[in-house]
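Each remark here refers to the structure printed beneath this line.
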Amino acid sequence: MKLDLKLYRGYVNDQELVVFGHLFKSWAPDKYRLDRKGIKHTSAIIHKFRIKPLSNYELQLCFKGKEWKTKTMEDGYFRFTVPFEEELESGWHEYEVVAKMEDNFGIIEKGELLKPYDSQLGIISDIDDTFLISHSNSFFKKLYVMLSKNVNRRKIFEDVVDHYKALSKAGQDSEQASNSFFYVSSSEWNLYDFIVEFAEMHDLPKAVIKLKKIKTGISDFVKTGRGSHDHKFQKVKDIISFYPNLEYVLLGDDSQQDVHIYERICKTYPENVKSIYIRQTGKEQREEITEVLNNIESLNVGTCYFKDSEQAIAHSKKMEII
């Protein structure tokens, strides 16, 4: 049996380390190839949703001379949340996960985890229609764009990179140091490589990425990015409770539930949110979104409902975030 082990970017604080990934039979959702066009690209996307996860399979995490074991969940997902109190310098560090087979063969994959630099600020951003133009308001258009346009032909909003880079460097005086970024989305783990490649291509800050439960069939594929967004609230909550000494900037858009999720976050962590940015995706601003943002303002959190990133940049400067 051939195995395919997919590792995602993990993170660590002064007490605990978190690493996660998936284990598949034969092949994982493979990397986006920029030379694929038309039907080849479409079939590569569909291929990403025709995966066979391996459940209850033993894995071993190795990091800085320590080892831990766990087993995969039913959908092939695994997560190590383990005590780690060693001195560790800030920045990205390499870890290894080993999946052994019965005949003592197996596979070893290397991943990265983040120990944040000293900072006052953490940034949590949605992906679809926040920096990646996705047409989430229109199910068929979103599906069409995903199936017909490879990663190098997908578009990013103007000036968004300038805003994110400024947030990344806010308050940092060394060249190496940056504020920690987290990208949280209702897209599934199937699209992880696409998101990493898109972010790198546009020089967006390197981030820990948290996505939705993996999908394993064609019928599932049609529903990609739809359904409950409660997992997003949970993931944002996890990040803030893992790094409770930071103030956060939250970025999203008005096409889904971001503003309601962020309102719940502000109510749950009244001291942790500095500012919220919501991108307007339609022709008009939505009254319902404005009302929620007004309520968030009353919790002493800055808000900005913007069409173009230059408005968001001006707001961040006014609030002396950047």
* So how many residues does the range 232-273 have that are more than 27 Å from Leu17 (Cβ to Cβ), of a type outside the set (Ser, Thr, Tyr) and either open to solvent by 10 Å² or more (accessible area, probe 1.4 Å) or in a helix (DSSP H, G or I) (or both)? -> 10
* Asked: Within the bounds of the range 296-316, is there any residue that is touching a Gly at 6+ places or on another chain (Cβ under 7 Å), part of a strand (DSSP E or B) and either open to solvent by less than 40 Å² (accessible area, probe 1.4 Å) or at negative phi (or both)?
  -> no
* Structure fact -> Flagged in the range 274-295 as among the hydrophobic types (A, V, I, L, M, F, W, C) and open to solvent by 10 Å² or more (accessible area, probe 1.4 Å), in numbering order, are Val292
* Kindly check whether there is at least one residue in the range 188-210 that is within 21 Å of Lys6 (Cβ to Cβ), at pLDDT 85 or above, open to solvent by 50 Å² or more (accessible area, probe 1.4 Å) and among the acidic types (Asp, Glu). => yes
* To do: Residue by residue through the range 67-114, note down the ones that are open to solvent by 100 Å² or more (accessible area, probe 1.4 Å) and under 17 Å from Phe242 (Cβ atoms).
  => Glu85
* For Leu251, indicate whether it is at pLDDT 95 or above, among the aliphatic types (A, V, I, L, M) and within 24 Å of Gly171 (Cα to Cα). => yes
* Asked: Between a first residue in the range 63-76 that is without any contact (Cβ under 8 Å) to a residue 12 or more places away in the chain and assigned to a strand (DSSP E or B) and a second residue that is of a type outside the set (Val, Ile, Thr) and open to solvent by less than 90 Å² (accessible area, probe 1.4 Å), which pairs have beta carbons less than 6 Å apart while being 6 or more apart in sequence or on different chains?
  -> Glu67/Gln60; Lys69/Gln60
* To do: May I ask you to list the residues in the range 118-144 that are at pLDDT below 85 and either open to solvent by 50 Å² or more (accessible area, probe 1.4 Å) or out of contact with any strand residue (DSSP E or B) (no Cβ under 6 Å at 6 or more places or on another chain) (or both)?
  => Ile133, His135, Asn137, Ser138, Phe139, Phe140, Lys141, Lys142, Leu143, Tyr144
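The values are calculated or read from the model by the stated rules, or taken from the named source; none is laboratory data. In this text, all values refer to a predicted model and were calculated from it rather than measured experimentally. FYI the Cβ positions are ideal-geometry reconstructions off the backbone, even for glycines, and counts take in every protein chain you see. Quick note on the areas: whole protein, heavy atoms, side chains included, nothing else; ligands and nucleic acids left out. Shrake-Rupley method; radii C 1.70, N 1.55, O 1.52, S 1.80 Å.
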